[in-house]
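Below: one structure, written as structure tokens.
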Amino acid sequence: MASCLENIQIPACVWFDGGEKRNSLMSMLAGTLFFMGWWFIIDAQAKYPYLMLDAYHVCGVFGTISLFMVNSVTNAQIRGDAYNGGCLGVKGARGWLFIGFVMGFAAVIAACWILFTDFIRKDVSHTWPGVGLFLQNVFIFVGSLTYKFGRSEDQWG
């Protein structure tokens with residue numbers, strides 16, 4: 001059975017050719033997302049310092065550490081191509097990447113937990129600190145994914 005959409009051809013985008021600029025653009029986008037994430041929590045802390053406990057900032061710190069962990073391992077190291085050093089080899093690189101992703105997910109989940117338990121369920125007049133904390137970790141995690149998977153390693157060579 002033929003699909004009704006198989007004959008549709010989408011023309012190439014004329015005004016944007018990101019072939020050579022892909023790494024630069026994705027790096028700028030990831031940096032902007034990271035900046036916006038931290039800007040949300042700085043705004044929440046500045047506006048409502050009495051509602052923001054110091055322990056809430058641990059989520060953002062772990063999200064930032066996750067960004068560095070995820071992006072310190074190349075895809076070639078994960079596949080085992082051109083990787084002949086290190087203590088644990090390919091398994092160590094995969095474990096490092098896995099721990100980085102777990103830390104990123106945990107930061108987002110912890111921020112969601114704090115949002116709902118401390119700012120939505122309780123009788124709190126302002127929910128922005130919880131929303132800012134959640135947005136911080138989501139933006140850091142999306143920035144981390146953008147920086148990891150948005151760039152092309154073929155252009156590094």
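The numbers here are math on the coordinates, done by the rules we state, and not lab data. Fair warning: this is a prediction, and the values are worked out from it, not measured in the lab. Neighbour counts run over all protein chains shown; Cβ positions are idealised from the backbone, glycine included.
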**Request:** Would you mind computing, in nm to one decimal, how far apart the modelled labels at PHE68 and ASP54 are, each placed 7 Å from Cα along Cα→Cβ?
**Result:** 2.1
**Asked** Hey, quick one: spin label on VAL102, modelled 7 Å out along Cα-Cβ, who in the range 58-74 has an amide N within reach, i.e. under 18 Å?
**Response** 59, 62-73
**Fill in**
Ranked from fewest to most other Cβ atoms within 10 Å of their own Cβ, THR74, THR32 fall in the order THR32, THR74
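Arrange CYS87, CYS112 by Cβ neighbour counts within 10 Å, fewest through most, would you? If you can, show how the numbers build up before the last one.
Working: CYS87 5, CYS112 16.
In order of increasing Cβ crowding within 10 Å: CYS87, CYS112.
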**Request:** Using Cα centres only, tell me the gap between the range 29-86 and the range 104-157 in whole Å.
**Result:** 9
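Under 10 °C and 1.306 mPa s, how fast does the range 109-157 diffuse according to Stokes-Einstein, given a Kirkwood radius computed over C-alpha pairs? Answer in µm²/s, whole number. Spell out each step's value before the answer.
On the way: Rh = 12.5 Å.
This corresponds to a translational diffusion coefficient of 127 µm²/s.
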**Request:** Collect residues whose amide H, placed 1.01 Å from N in the peptide plane, falls under 5 Å from the amide H of VAL124; neighbours closer than 5 in sequence don't count.
**Result:** none
**Asked** For TYR48, TYR147, what ranking results if the residue with the fewest other Cβ atoms within 10 Å of its Cβ goes first?
**Response** TYR48, TYR147
